[in-house]
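Structure record follows, encoded as structure tokens.
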Amino acid sequence: MLPNGGSASSRVLQVLKTAGGGLSVKKMCEKLDLSSMAVRRQLAVLEAHDLVFSQREKQKTGRPSQVYYLTDGGHEEFDRDYSSLTIDLLVGIRSLLGKPKINQLLDIRNSNLLEKAKRRVRGKTLETRVHEVAQLLTEAGYMANWEKLGPNRYLIKEMNCAVAKVAKKFPQVCIFEESFLEEILQAKVTRQHHILQKDHFCSYLVEADG
């Protein structure tokens with residue numbers, strides 16, 4: 001994700017998003033009032049982040065031109081209210097099928113996550129598993145880090161909650177997260193801080209069993 005919504009790169013993303021199709025460098029220069037060099041510089045940054053791609057296309061007149069489009073990642077740079085959709089769906093399921101069905105759905109989600117995560121930690125030491133889990137959480141949007149507190153004792157911190165809105169409505173999500181960490185780390189996991197309890201981050205103490 002690119003920082004600074006008012007940056008030149010963000011402006012290029014915006015003009016591509018609202019174009020309804022691809023744009024050539026010339027068209028972007030006209031829309032953004034920037035030089036060709038400036039636009040190409042920003043496109044290079046965006047391509048490096050896999051947010052745009054280009055292809056040569058025939059024009060009505062003249063030679064084929066290089067036309068730029070947003071990648072799926074580029075489209076994801078724009079706000080999407082997935083949380084509200086998730087909450088609405090879960091509320092509907094609870095109304096139709098009852099509260100236990102929510103827990104069953106979370107169980108299924110947990111199982112799927114565990115299968116993916118186990119491939120990353122299989123055969124590794126506890127410390128390496130902690131490192132890999134922090135990486136997985138960061139990839140999922142939790143901005144996680146970890147530190148060693150002592151022999152076989154670690155602290156995992158989540159500086160961002162990727163499911164905060166959903167968790168406020170369905171706190172079971174947080175309970176399932178704790179059990180997920182215990183299962184994947186094969187260790188005792190105890191929550192120390194909780195964003196929903198007005199802490200600035202969530203954290204988990206990880207201790208070797210036995």
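The values are calculated or read from the model by the stated rules, or taken from the named source; none is laboratory data. What you see is a predicted model, and the numbers here were worked out from it, not measured in a lab. Cβ placement follows ideal geometry from the backbone for every residue including glycine, while neighbour counts extend to all protein chains displayed.
Can you find even one residue in region 172-188 that is over 30 Å from residue 98 (Cα atoms), in contact (Cβ under 8 Å) with a residue 24 or more places away in the chain and surrounded by 15 or more Cβ atoms within 10 Å (Cβ to Cβ)?
Quick first cut of region 172-188, residues over 30 Å from residue 98 (Cα atoms) only: 185-188.
Now narrow it down to the ones that are in contact (Cβ under 8 Å) with a residue 24 or more places away in the chain: 185-187.
Now drop any that are not surrounded by 15 or more Cβ atoms within 10 Å (Cβ to Cβ), which leaves 185, 187.
Scanning region 172-188, I find at least one residue that is over 30 Å from residue 98 (Cα atoms), in contact (Cβ under 8 Å) with a residue 24 or more places away in the chain and surrounded by 15 or more Cβ atoms within 10 Å (Cβ to Cβ), so the answer is yes.
Being part of a helix (DSSP H, G or I) and either surrounded by 15 or more Cβ atoms within 10 Å (Cβ to Cβ) or within 18 Å of the chain's Cα centre (by Cα) (or both) is the filter here; which residues of region 189-210 pass it? Full working, then the answer.
Within region 189-210, the first condition is being part of a helix (DSSP H, G or I), and the residues that meet it are 195-197.
The one that is part of a helix (DSSP H, G or I) and either surrounded by 15 or more Cβ atoms within 10 Å (Cβ to Cβ) or within 18 Å of the chain's Cα centre (by Cα) (or both): 195.
Put simply, of 124, 148, 118 the only residue that is exposed (fewer than 14 other Cβ atoms within 10 Å of the Cβ), charged (D, E, K, R), touching a residue at least 60 places away in the same chain (Cβ under 8 Å) and over 27 Å from residue 87 (Cα atoms) is 118.
Residues are listed down the side, and each one gets a yes or a no for (1) more than 20 Å from residue 173 (Cα to Cα); (2) of a type in the set (A, V, I, L, M, F, W, C):
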residue	(1), (2)
103	no, no
109	no, no
119	yes, no
123	yes, no
132	yes, no
137	no, yes
144	no, yes
148	yes, no
156	no, yes
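Among the conditions (1) part of a helix (DSSP H, G or I); (2) of a type in the set (Gly, Ala, Ser); (3) more than 30 Å from residue 142 (Cβ to Cβ), residue 54 misses just one, which is (1).
May I ask you to list the residues in region 23-51 that are in contact (Cβ under 8 Å) with a residue 40 or more places away in the chain and outside any helix (DSSP H, G or I)? Don't jump to the end; show me each part of the working.
Residues of region 23-51 in contact (Cβ under 8 Å) with a residue 40 or more places away in the chain: 23-25, 28, 45-46, 49, 51.
Listed by number, the residues that qualify are 23, 24, 49, 51.
Listed conditions (1) outside any loop (DSSP other than H, G, I, E, B); (2) at pLDDT below 90; (3) small (Gly, Ala, Ser) are all met by residue 62, apart from (1). Taking region 129-177 on its own, how many of its residues are in a helix (DSSP H, G or I) and touching a strand residue (DSSP E or B) at 6+ places or on another chain (Cβ under 6 Å)? Counting residues in region 129-177 that are in a helix (DSSP H, G or I) and touching a strand residue (DSSP E or B) at 6+ places or on another chain (Cβ under 6 Å) gives 4.
Could you list all residues from region 171-197 that are of a type in the set (A, V, I, L, M) and modelled with pLDDT under 90? Reasoning before the result, please.
Here is the first cut: in region 171-197, the residues of a type in the set (A, V, I, L, M) are 173, 175, 181, 184-185, 187, 189, 195-196.
Scanning region 171-197 gives 173, 175, 195, 196.
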